[in-house]
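The values are calculated or read from the model by the stated rules, or taken from the named source; none is laboratory data. What you are looking at is a predicted structure, and each value in this text was computed from that prediction instead of being measured. Don't worry about glycine lacking a Cβ; one is built from the backbone with ideal geometry, like all the others, and counts go over all protein chains shown.
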């Protein structure tokens with residue numbers, strides 16, 4: 001698993017790669033589209049006792065129990081409302097399925113590796129550890145996130161760390 | 001060509017280990033004082049089948065061991081010798097050696113150990129005086145050229161059930177490996193006739209065919225052309241031998257054919273299980289004997305008979321001859337065995353056709369899908385409940401059909417995974433025997449309810465805890481013979497393993513008639529280890545001490561028990577299966593352990609309870625009763641949380657809302673309902689808002705995509721498609737204590 005993650009962080013081939021971009025507050029983020037399983041609306045969740053508030057709970061996705069994380073709560077962003085327009089991105093990461101709640105999904109973009117610049121230390125809501133780099137597209141700055149590293153981090157508490165080292 | 005054979009290796013491995021298992025249980029069953037001939041025959045057959053397979057696949061080391069084993073067994077079943085305890089021990093040991101060899105071959109290696117030679121030596125010695133004979137036949141590879149037999153193999157090519165990628169050529173290749181193969185007639189429509197000259201016996205040749213077709217469709221007989229020289233010469237010069245020669249050719253048309261080897265005691269002779277030949281001693285009056293053989297053959301095509309040497313005939317030497325004597329004194333028995341010998345292969349073929357080996361994953365996938373179906377049905381039913389039953393009559397009847405069908409389907413699929421508990425129980429005769437022998441105790445084991453079925457996953461996980469409990473009972477429970485005598489009990493202790501279905505669960509009990517647990521000793525030990533105990537604890541609380549990690553009252557540590565690591569592991573293992581262990585013990589009379597397990601790991605009987613907006617599932621096994629409490633029943637104890645006074649007992653109160661930090665909107669304490677649950681630490685009262693309904697729920701793991709959540713053993717999907725968490729009452733008690 002470690003190996004896989006390292007590969008994710010290494011510069012990829014010269015060919016362009018597709019990213020899904022979404023908005024959180026005023027910022028726009030991009031994640032590797034291959035990690036995205038599907039996008040769906042927000043459904044009623046079942047709360048999980050004694051879990052951090054940003055873990056909304058679990059849902060039943062065709063018989064699979066999927067935890068839902070609200071990124072807005074995790075990073076204290078924007079107005080947290082749940083309505084017909086709330087979007088959940090279902091990710092498939094490290095063999096697990098989980099969903100993240102974001103403000104909105106904007107686009108699928110293709111970027112080549114050169115278009116992604118290394119990120120300076122800056123005040124994004126995300127720790128730079130989880131940021132692959134920055135890309136510019138039509139004057140918009142997109143923060144490229146290593147979603148796998150973020151979701152398996154101890155900070156998120158989604159995965160028991162002992163399972164990762166195994 | 002070796003590749004062609006190796007695709008059958010797995011089948012051999014599986015069959016051989018089944019045979020070994022059968023052999024072991026039969027050996028343990030065998031009563032040394034009154035040996036049952038049927039059992040001995042069955043053991044012999046098991047050993048023989050292993051030998052046949054091992055020989056065919058070229059595992060000569062296994063063939064050697066089984067051969068020596070077989071030699072002794074053969075003498076036993078012919079009642080030339082009486083079985084002794086020593087023999088049984090050696091047989092068991094040989095079984096172990098074979099298992100090790102089998103395991104080594106499975107991994108592609110070879111098992112090389114002095115034990116092999118030692119066991120073979122002991123067996124040889126036990127087999128008695130004819131050491132020379134044993135040596136001569138010990139190694140099938142050194143058998144002389146005279147042992148080569150020509151076999152006429154006749155079969156219909158259509159009857160072959162060839163695996164994809166193999167054809168008659170493969171079969172030919174396989175046979176060429178073991179001997180000279182001549183194709184006498186090969187016509188696509190007519191039966192193929194091959195002649196194989198090989199050292200293999202008939203059984204082994206048949207085994208090769210057993211993989212590709214029904215044995216009924218193949219006829220393997222000795223080729224008259226070749227055997228005439230080898231075999232018939234045996235009778236030459238004996239008065240009456242002319243009759244024999246006259247009559248034998250006509251026999252050849254029958255499946256049963258008498259064949260005659262000139263070397264007494266040679267390998268082929270001990271292979272009479274191979275469906276059908278008679279042994280004929282060279283003696284006067286042979287003609288009569290053959291006549292008898294003839295008529296017998298007509299009656300039972302594949303049978304065989306033993307024929308006595310008539311009185312006064314010169315005493316021939318060797319194994320083959322002793323066979324005759326046994327046969328003579330025991331004609332009815334040999335008849336019976338001949339029937340059985342004929343029946344056994346037929347039966348094997350039948351079971352081969354009616355069962356398939358399927359990987360567990362496939363079955364699990366099926367169970368998952370059925371679980372989905374059940375959930376989907378529940379969702380449909382819920383949507384339909386909004387419709388008008390009169391107007392939508394057909395939808396409702398369709399739904400109720402669907403419900404019945406999916407319930408049946410669920411049961412049928414679950415039953416695939418069900419296995420009789422005898423799979424676990426069968427190992428215990430050996431465990432008890434070995435453990436008791438090591439400790440110098442006399443213990444007999446009684447198994448009750450071996451047919452009780454439970455989930456395969458549980459069976460596998462039950463084996464270790466049960467093993468530990470049984471060994472513990474022998475080590476700590478059953479006293480030494482002298483002690484038992486002093487106590488006025490029979491010297492031989494007894495352990496009873498009993499399995500039964502009780503409600504929705506399986507109950508496995510381990511009972512011994514030993515000394516029982518010593519309350520004072522346990523309490524003293526608890527004090528020494530600083531384990532907190534309430535004043536004046538109940539017996540049950542004291543007995544639970546033995547499940548405490550690191551707790552052992554054994555004065556000395558043996559390799560069997562006393563390290564104190566066992567019982568807590570036992571309890572943990574069983575709790576992981578959603579089961580529980582209870583102990584009853586009576587000083588001087590014994591200890592009774594009860595393991596209660598759910599029928600399956602996949603489905604749970606639960607009660608759904610509402611707490612605020614959330615629905616939780618409580619396992620039915622944990623629930624004792626539910627009550628509507630009055631305000632005055634709640635009491636609080638400073639520093640120890642709140643308790644409820646129920647039926648004269650003070651139970652600790654678990655308020656789910658507080659433990660899980662659910663939103664505190666609303667409900668007054670006394671509006672709720674108390675569910676009295678049975679936990680590892682005694683009874684407790686769980687406060688919930690409402691009891692909703694009783695369901696069978698499909699258990700899903702939270703850990704697949706998330707992590708373990710304390711107080712929750714899993715999740716399930718309810719009829720409305722929402723997820724409900726399944727509560728783990730034992731963990732709730734711990735959480736509650738932490739919260740208080």
Does the stretch B:582-630 hold any residues that are in a loop (DSSP other than H, G, I, E, B), touching a residue at least 60 places away in the same chain (Cβ under 8 Å) and within 14 Å of another protein chain (Cβ to nearest Cβ), and which are they? B:602, B:612
Mind checking whether some residue in the stretch B:387-406 is in contact with a strand residue (DSSP E or B) (Cβ under 9 Å, 6 or more places away or on another chain), surrounded by 14 or more Cβ atoms within 10 Å (Cβ to Cβ) and outside the structural domain of residue B:697 (by TED's automatic domain parsing)? no
Yes/no for residue B:14 being at pLDDT 80 or above, within 21 Å of the chain's Cα centre (by Cα) and more than 25 Å from residue B:125 (Cβ to Cβ): no
Restricting attention to the stretch B:631-661, and to residues there that are away from chain A (no Cβ under 13 Å) and part of a helix (DSSP H, G or I), which single residue is farthest from residue B:727 (Cα to Cα)? B:632
Take the stretch A:47-79 and flag every residue that is farther than 24 Å from residue A:154 by Cβ, more than 9 Å from chain B (Cβ to nearest Cβ) and in a loop (DSSP other than H, G, I, E, B). A:78, A:79
Taking the stretch B:504-537 as the search range and keeping residues that are in contact with a strand residue (DSSP E or B) (Cβ under 7 Å, 6 or more places away or on another chain) and not in a strand (DSSP E or B), which one is surrounded by the fewest Cβ atoms within 10 Å (Cβ to Cβ)? B:504
Out of B:74, B:124, B:61, B:89, sole residue that is assigned to a helix (DSSP H, G or I), within 23 Å of residue B:434 (Cα to Cα) and in the same structural domain as residue B:21 (by TED's automatic domain parsing): B:89
Flagged pairs (Cβ under 8 angstrom, 6 or more apart or on separate chains; first in the stretch B:481-503, exposed (fewer than 12 other Cβ atoms within 10 Å of the Cβ); second modelled with pLDDT under 90) are B:502/B:596
Report, by residue number, each residue of the stretch A:36-46 that is surrounded by 19 or more Cβ atoms within 10 Å (Cβ to Cβ) and at pLDDT 90 or above. A:36
Inspect all residues belonging to the stretch B:380-396 and state whether any of them is within 14 Å of chain A (Cβ to nearest Cβ) and closer than 18 Å to residue A:64 by Cα. no
Residues located in the stretch B:668-695, provided they are in a strand (DSSP E or B) and at pLDDT below 80: B:679, B:682, B:695
Restricting attention to the stretch A:96-109, does a residue exist that is part of a loop (DSSP other than H, G, I, E, B), within 21 Å of residue B:702 (Cβ to Cβ) and either touching a helix residue (DSSP H, G or I) at 6+ places or on another chain (Cβ under 7 Å) or at pLDDT 75 or above (or both)? no
Tally time: how many residues in the stretch B:696-714 are part of a loop (DSSP other than H, G, I, E, B) and under 27 Å from residue B:408 (Cα atoms)? 2
Being modelled with pLDDT of 85 or more, more than 8 Å from every other protein chain (Cβ to nearest Cβ) and either buried (at least 22 other Cβ atoms within 10 Å of the Cβ) or not in a strand (DSSP E or B) (or both), is that true of even one residue in the stretch B:715-724? yes
Is at least one residue of the stretch A:21-39 within 14 Å of another protein chain (Cβ to nearest Cβ), over 13 Å from the mean Cα position of the chain (by Cα) and on the phi < 0 side of the Ramachandran plot? no
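Quick grid of which residues meet (1) within 11 Å of another protein chain (Cβ to nearest Cβ); (2) in contact with a strand residue (DSSP E or B) (Cβ under 9 Å, 6 or more places away or on another chain); (3) crowded, with 19+ Cβ neighbours inside 10 Å:
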residue	(1), (2), (3)
B:674	no, yes, yes
B:684	no, yes, yes
B:694	no, yes, no
B:698	yes, yes, yes
B:713	no, yes, yes
B:729	no, yes, yes
B:737	no, yes, no
Could you please let me know if residue B:448 is surrounded by 15 or more Cβ atoms within 10 Å (Cβ to Cβ), at negative phi and either within 14 Å of another protein chain (Cβ to nearest Cβ) or in contact (Cβ under 8 Å) with a residue 24 or more places away in the chain (or both)? no
Within the group B:26, B:30, which residue is surrounded by 15 or more Cβ atoms within 10 Å (Cβ to Cβ), at pLDDT below 80 and in the same structural domain as residue B:123 (by TED's automatic domain parsing)? B:30
